[in-house]
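What follows is one structure encoded as structure tokens, with my remarks underneath.
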Amino acid sequence: MSATTKCLFPKSRYYGTFTPENLMFNANLQEFSHRVSIICSLETGGKISAQAAYLQIEELWQQLEQSKRTLLT
């Protein structure tokens, strides 16, 4: 992974109890965090409305909750 890629798409290590499900949920959680950060930046920069940002984040949250139900139940 190049330095630019590491800067734009940071991933931190997983320190919890290892199971494939926990590892996958952690990856989904990091992706959620990254995407929320981008959406917030777009809203702050005036590229999207606050309402559009809210709706996108709400959709991402629902996807994350579904992932949790599927992987960790």
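Every number here is computed from the coordinates shown, using simple stated rules; none is lab data. A quick note: this is a predicted structure, and the numbers were derived from the prediction, not measured. Virtual Cβ from ideal backbone geometry, glycine too; neighbours counted across all protein chains shown.
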Could you tally the net charge around M24, taking each other residue with its Cβ under 12 Å from the Cβ of M24, Lys/Arg +1 and Asp/Glu -1? -1
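Calculate how large, on average over all directions, the projected area of the Cα convex hull of the range 17-72 is; give the answer in nm² to one decimal. Could you put the intermediate results ahead of the total?
Details: hull surface 14.8 nm².
Average of the hull's projected areas for the range 17-72 equals 3.7 nm².
Just to confirm a number: summing +1 for Lys and Arg and -1 for Asp and Glu over residues other than A53 whose beta-carbon lies under 14 angstrom from that of A53, what do you get? Before the final figure, lay out the partial values.
Values: positive: R35, K47; negative: E43, E58, E59.
Value of the local net charge: -1.
Assuming 0.36 nm per residue, please report the length gained on full extension of the stretch E59 to R13 beyond their Cα-Cα distance. Intermediate results must be reported in sequence, preceding the final value.
Numbers: separation 46, 0.36 × 46 = 16.56 nm, distance 2.57 nm.
Length gained between E59 and R13: 14.0 nm.
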Taking S67, S12 and counting other beta carbon atoms within 10 angstrom, the fewest-first order is S12, S67
Label-point separation, H34 to L71 (7 Å along Cα→Cβ), nm: 1.3
